[in-house]
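Trainee: Below you will find the structure I want to go over with you.
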Amino acid sequence: MTKISYAQQQHITRLCVRCGLLLMQYGAESAVVVDLSKRLGVALGVNSVECALNFNALTLTTLLNGRCITTTRDTINQSINVNLLVQIQQIVSKAEDASSPNEALIEETERAFDELDKSVYPSWVVSLFVGGSCAAFAYLNGGNWSITAITFMAGMVAMLTRIYLSKHHFNPFITVIVTAFIASLIGATSYYYDIGNNADIAVASSVLLLVPSFPLINSLSDILKGYINIGLGRAVYAYMLTLSSCVGIVIALILLRIQHWGF
């Protein structure tokens, strides 16, 4: 396509914004968001793409023969979905492999975004494996089979609670507080009924599902790569999630009148 109309440039801009927003929503680091958005725009026919990120917004400009279109969109954090991120990378790579930009390529790219597979594992499967992970940690830290079983139950029920609250769009910090409270409540039953060899292990291991490892890694990566603002925003968000977990644990321990806890 030798000449791109203003309407086609608008179409390309929307696709680049859609690409960037999806990447941000599902956990991609900032460098990947900017890189893929720029590559997609150039592959579809514009001269260049400029992209600026904030913690909850994306600003993108496409430039073509001295004409530019700028748009800003806000974004909402979703759960991490690496499968979706890989699909978007494949869409961009396919657009780059095309012989030349044309209207058909733009339409095909938009259709590919419409057909993205956003399916996730069933809640019970996720909860089962999360409970198993918490139980494995409890066992590796010296818990006997009773402690391991309690930790498995606490982790599984807590994950089911977290998924349920997230699906109903509760505030993420409230969701974490409630999840930590339920996990600690179930894990602390080993104190009351004198189950197992070390109740502290059950309480500590049952809340491991709330550790915000992925956001912390992304925030550090963003800061090291020069995206200071969004890196700090993600770091603060991760620390607030950690603080919310502590609040939920403390509420449960106070309610159960457990005066001391810890390794």
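The values are calculated or read from the model by the stated rules, or taken from the named source; none is laboratory data. Only a predicted model underlies this, so the values are computations on that prediction, with no experimental measurement involved. Don't worry about glycine lacking a Cβ; one is built from the backbone with ideal geometry, like all the others, and counts go over all protein chains shown. For the accessible areas, the whole protein counts, side chains as well, though only heavy atoms, and no ligand, DNA or RNA atoms are used. Shrake-Rupley method; radii C 1.70, N 1.55, O 1.52, S 1.80 Å.
Trainee: Could you pull out the residue among Ala154, Ala98 that is small (Gly, Ala, Ser) and within 20 Å of Leu241 (Cβ to Cβ)? It would help to see each step written out before you state the result.
Mentor: Numbers: Ala98 fails: within 20 Å of Leu241 (Cβ to Cβ).
Only one candidate passes the filter, namely Ala154.
Trainee: Of everything in the range 187-216, what is among the aromatic types (Phe, Trp, Tyr) and either closer than 13 Å to Ile258 by Cα or not in a helix (DSSP H, G or I) (or both)? Give them in sequence order.
Mentor: Of all residues in the range 187-216, those among the aromatic types (Phe, Trp, Tyr) come to 191-193, 214.
Scanning the range 187-216 gives Tyr191, Tyr192, Tyr193.
Trainee: Check the range 211-223 and report whether any residue there is small (Gly, Ala, Ser) and open to solvent by less than 30 Å² (accessible area, probe 1.4 Å).
Mentor: So the first thing to find is which residues in the range 211-223 are small (Gly, Ala, Ser), and the list is 213, 219, 221.
Going one step further and asking which of them are open to solvent by less than 30 Å² (accessible area, probe 1.4 Å), we end up with 219, 221.
The answer is yes, given that some residue of the range 211-223 is small (Gly, Ala, Ser) and open to solvent by less than 30 Å² (accessible area, probe 1.4 Å).
Trainee: Return the total of residues in the range 1-33 being touching a residue at least 60 places away in the same chain (Cβ under 8 Å), open to solvent by less than 50 Å² (accessible area, probe 1.4 Å), within 25 Å of Asn77 (Cα to Cα) and assigned to a helix (DSSP H, G or I).
Mentor: Qualifying residue count, the range 1-33: 8.
Trainee: Here's something else I'd like to know. Hey, among the residues in the range 224-257 that are outside any helix (DSSP H, G or I) and under 25 Å from Asp74 (Cα atoms), which one's most open to solvent (accessible area, probe 1.4 Å)? Write out each step before concluding.
Mentor: Going residue by residue through the range 224-257, those that are outside any helix (DSSP H, G or I) are 225-227, 256-257.
Within this subset, residues satisfying the condition of being under 25 Å from Asp74 (Cα atoms) are 225-227.
Numbers: Lys225: 111, Gly226: 54, Tyr227: 68 Å².
Selected residue: Lys225.
Trainee: May I pose another question? Looking at the range 167-188, I want the residues that are over 18 Å from Phe152 (Cβ atoms) and without any contact (Cβ under 8 Å) to a residue 24 or more places away in the chain and have a partner that is of a type outside the set (Ser, Thr, Tyr) and open to solvent by less than 40 Å² (accessible area, probe 1.4 Å) with Cβ atoms under 7 Å, at least 6 apart or on another chain. Which pairs are those?
Mentor: Final answer for the pair search is Thr175/Leu165.
Trainee: Looking at the range 79-165, what helices (runs of 4 or more DSSP H) fall wholly within it and have at least 1 residues that are in contact with a Gly (Cβ under 6 Å, 6 or more places away or on another chain) and buried (at least 19 other Cβ atoms within 10 Å of the Cβ)?
Mentor: On the way: elements: 82-97, 103-114, 123-140.
Those helices (runs of 4 or more DSSP H) span 123-140.
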